[in-house]
Amino acid sequence: MKLLKLIRWQNLIIIALSLYLVRHFLIEPFYKTQFIQLEMSNIDFAIFVITLVLISGAGYIINDIFDVNIDVINKPEKQIIGTQITEDKAYLYYYVMNGIAVLSALYIGIKNTSFNLGLILLVPIAVFYFYSLKYKRMFLIGNLAVSFLTGCLIMIVWIYEFLIIRKNVIAFAEGYNIFWTITYFVIAYSVFAFLITLIREFIKDTEDVEGDSKWGCTTLPVVVGVEKSKKAASLLAVFGILLVAAFQYFLRNYNMGYYAAVLMIMVQLPFAYLAVIIWRAKDKKDLHYASNFAKICMLLGILTMTGVYFSLQP
């Protein structure tokens, strides 16, 4: 149970859910319009998902290891390393999880006749490590790095599928017309994941400003102040509403009015509420509530992929 808390099991479930939704509710429905099938087998995709979940879980561990001193100030009641799990044991979990992930990634690459394909999955390990070690303490660099990595988690499902199906000449030719459409939708969700993660990063940094400032972290609220940091996060939420509106305009070409309505209810309205509660936040309790609600916005956003599936049904 301690390990599950350490690796943020709720976040890992959202990651796994996101990957499966991209595959079965975003890519596969468009494939079916061209009568082609997914190239990666269900078993291989399950290993693919487990690999990314292990890498993400290990990333949370190394982040907490490097943040032990900061967490003593910011959230002592939630600190696990040093209180419930020793640092040595945390490192052991980190190496074991990444070790399994490396083997799984290499298996996926070799199974699909591309060793380099497996190596792509190992990039996040390095990003998580250097983010936790250095980048998260640098002005905006850490926020952008982790947000970009979150967006890439959505994108990587389509990258793998595309690189594999490209080797099947017949299937690639039959599905060529819808590959750009899939890419547009995947990019849209990747941008959404990037944006909501960046908003949440700003909220968390504002919530943790006391400990971060003491230990020399140059986060946004430390540099520009708490109020400006809150406003930046709130304005990003408003920007998200406008981006979704632009995407809804793009959907006119696909006769997906039902899906556009789903986006308004499950993304734009929650984003509007998020912008308001961030702007009005007065203390750490309000910021913590906003951070949790941002996580709900992430979940609601990825669930809208089901709208693509139902909109494309004959």
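The values are calculated or read from the model by the stated rules, or taken from the named source; none is laboratory data. It should be emphasised that the depicted structure is a prediction, and the values quoted were computed from it without experimental measurement. Heads up, the Cβs are rebuilt from the backbone with ideal geometry, glycines too, and the neighbour counts pull from every protein chain shown. All accessible areas refer to the heavy atoms of the entire protein, side chains included, with ligands and DNA or RNA removed. Shrake-Rupley method; radii C 1.70, N 1.55, O 1.52, S 1.80 Å.
Taking the helices alone, the chain has a mean residue ellipticity at 222 nm of -25000 deg cm²/dmol, built from -39,500 (n - 2.57) per DSSP H run of at least 4 residues and averaged over all its residues.
Under the simplified labelling scheme, the Q313-Q34 pair shows an inter-label distance of 2.4 nm, with each label point 7 Å from Cα along Cα→Cβ. Residues considered: G175, G142, G301. Largest GNM mean-square fluctuation over the chain, using C-alpha springs under 10 Å, is found at G175. Highest mobility in the GNM of the chain, judged by mean-square fluctuation with C-alpha springs under 10 Å and restricted to V53, V238, V169, is found for V169. Within segment 76-127, the ratio Rg/Rh, alpha carbon atoms throughout and Rh by Kirkwood, equals 1.21. For K89, the lysines whose Cα comes closer than 19 Å to its Cα, not counting residues fewer than 8 places off in the same chain, are K2, K5, K78.
Rank I15, I50, I61 by accessible area, highest first, at a 1.4 Å probe radius? Don't skip to the end; give the middle numbers.
Numbers: I15 25, I50 90, I61 0 Å².
Putting I15, I50, I61 in descending order of accessible area: I50, I15, I61.
Comparing Cα centroids, segment 250-285 and segment 105-135 end up 33 angstrom apart. Largest GNM mean-square fluctuation across I154, I47, I27, computed for the chain with C-alpha springs under 10 Å, falls on I47.
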